[in-house]
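Right, one structure below, let's go through it.
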Amino acid sequence: MSKGADVLKLVHAIEGLSLWVGRAFAWCILILTLAVSYEVFVRYVLNAPTVWSFDVMVQMYGALFLMAGPYALAQDTHVRGDVLYRLFSVRWQARVDFLLYILFFFPGILALFWFGWEIAADSWRYKEVSFNSPAGIQIYFFKTLIPLAGGLLLIQGVAELIRCWMAMRTGVWMERLADVRETEDMLMHMDINSIPGIDTSRK
């Protein structure tokens, strides 16, 4: 097996981990939707609001927000200001990305991991509960996700650095593992003649 194939295998293994975590925590959306729907029903129809639904909503949304970060990075779906960037060659895009990862991404994510670890450790030490919760729900489990998300982002960041390095050498971006796509992205790459009711061959 060639060195390039080994590098691609490593990058895809890291991306596979990020995709798996993202898909797993995507179920938080379903739990969040059910919790909101249930609370609306019992509050406004039965006039019997719960004391736990708000906590479930906050923790599900927070978990989704934290753990979707590595997934979004693996799929290159984070917001990007690419007005000038998209005009660059692949090699220059890779150089810019590599520099920005080193200067901004890794210091910020290292801080997230380091201080998140301290926050989670303190929370576990005194079995922290939410003072904003009428149910006094325990939140040290939830705070564990902060350093976990930071660690996964660091690992995915290494894969992105490798991707940039290979693009600087070859002038071609390595392919990413395919997953779901936004409708707008699919339409941008779709053959317009394949859409029912549209025929551009006739004038």
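The values are calculated or read from the model by the stated rules, or taken from the named source; none is laboratory data. A quick note: this is a predicted structure, and the numbers were derived from the prediction, not measured. Glycine also receives a Cβ, built like all others from the backbone with ideal geometry; neighbour counts cover every protein chain displayed.
Per the conditions (1) in contact with a helix residue (DSSP H, G or I) (Cβ under 8 Å, 6 or more places away or on another chain); (2) among the aliphatic types (A, V, I, L, M); (3) more than 17 Å from LEU152 (Cα to Cα), the sole criterion not satisfied by ALA68 is (3). Scanning the stretch 107-145 for residues that are surrounded by fewer than 14 Cβ atoms within 10 Å (Cβ to Cβ) and either within 22 Å of the chain's Cα centre (by Cα) or under 21 Å from GLN156 (Cβ atoms) (or both) yields a count of 5.
Identification of helices (runs of 4 or more DSSP H) wholly contained in the stretch 63-158 with 1 or more residues that are among the acidic types (Asp, Glu) yields 90-100, 106-125.
Please work out if VAL11 is assigned to a helix (DSSP H, G or I) and either at pLDDT below 90 or in contact with a Phe, Trp or Tyr (Cβ under 7 Å, 6 or more places away or on another chain) (or both). Taking the combined requirement at face value, the residue does not satisfy it. Restricting the stretch 59-99 to residues that are in contact (Cβ under 8 Å) with a residue 24 or more places away in the chain and among the small types (Gly, Ala, Ser) leaves a set whose member that is surrounded by the most Cβ atoms within 10 Å (Cβ to Cβ) is ALA74.
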